[in-house]
Amino acid sequence: MRRAMRTFRMDRVLEAVDLETGEVLPDIRAWLADKSMNGVEAAAQTLMDKHHGLLAILLYVGRADGRFTKAEKLVVADLAREITGDSRLDDQFITELVSEIDLPTIPGFQRAVKQMARQAPEYRARVILAAERIVATQKTASAEEQGALDFMRAAFTQS
């Protein structure tokens, strides 16, 4: 109960303190706007909003063999940092973010790949490279992983 989510009307808050800096906040609205636009959460939200298909594809490839290893998660985290330009997206944060995404079905994966095929060639190249890096984290590729890569290559070269 003590750590439960609470909602406050900002017009009734008399004083607030930034717990990270100890600074008394003269303008709570401005502070909240700045935090939401500049925080790691904003980068994560951008990642989920604009690159959800990419995350779903990489999650599918990573879990195609029935597991999603730390090395595979690191590949996803590296690409997430590269795409957002936000180095604060640490590996643990990306792991938690990816855990919020439902594992796509085969048709869902195929739809995401077909939508990705409409993206710019440079973006598609990043995605296929990351998928290949995920598969390369193990000594051999499973039939499912290889099938996913083959489908991606075919879809991306037809565009």
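Obtain the nm distance between the two label points defined at D27 and H52 by a simple spin-label model: each point lies 7 Å from its Cα along the Cα-to-C-beta direction.
Result: 3.3 nm between the two label points.
Answer with one residue from I134, T95, T157: the one whose Cα lies farthest towards the positive end of the charge dipole of the chain, charges on Cβ with Lys, Arg +1 and Asp, Glu -1.
The Cα lying farthest towards the positive end belongs to T157.
Leaving out ligands, DNA and RNA, what percent of the accessible area of the range 1-132 is carbon and sulfur, probe 1.4 Å?
Answer for the range 1-132: carbon and sulfur cover 52 percent of the accessible area.
Comparing I106, I134, I28, which has the greatest mean-square fluctuation in the GNM of the chain with Cα pairs linked when under 10 Å apart?
I28
If you stretched the chain out fully between L103 and D11, how much longer would it get, using 0.36 nm times the residue separation minus the C-alpha to C-alpha distance?
My answer for the length gained is 28.9 nm.
For the chain, take the longest principal axis of its alpha carbons; what is the angle in degrees between that and the long axis of helix 121-135, to the nearest 10 within 0 to 90?
It is inclined by approximately 80 degrees.
Cα-Cα over 26 Å: which of K35/K114; K50/K73; K114/K139?
K35/K114; K114/K139
Can you give me the angle between helix 143-158 and the longest principal axis of the chain, using Cα atoms only, in degrees from 0 to 90, rounded to the nearest 10?
Helix 143-158 and the main axis of the chain meet at about 90 degrees.
Just checking my list (1) 134; (2) 155; (3) 110 against volume of the Cα convex hull per residue in Å³ computed from this structure; which label fits?
(2)
What accessible surface, in Å², does a 1.4 Å probe find on F93, ignoring ligands, DNA and RNA and rounding to the nearest 10?
Estimated to the nearest 10 Å², F93 gives 50 Å².
Would you mind working out the accessible area per residue for the chain, using a 1.4 Å probe, and quoting it in Å²?
65
Which value, in Å² rounded to 10, gives the accessible area of D102 with a 1.4 Å probe and all protein chains present?
130
Efficiency by 1/(1 + (r/R0)^6): what FRET value for A42 and A120, r their Cβ-Cβ distance, R0 = 25 Å, to the nearest 0.05?
0.60
I'd like the accessible area for R81: 1.4 Å probe, protein heavy atoms, all chains in place, Å² to the nearest 10.
Here the accessible area works out near 60 Å².
The values are calculated or read from the model by the stated rules, or taken from the named source; none is laboratory data. What you see is a predicted model; the values in this text were computed from it and never measured. Quick reminder, even Gly has a Cβ in these numbers, built from the backbone with ideal geometry, and neighbours come from all protein chains shown. Please note that ligands, DNA and RNA were not included when accessible areas were found on the heavy atoms of the full protein model with its side chains. Shrake-Rupley method; radii C 1.70, N 1.55, O 1.52, S 1.80 Å.
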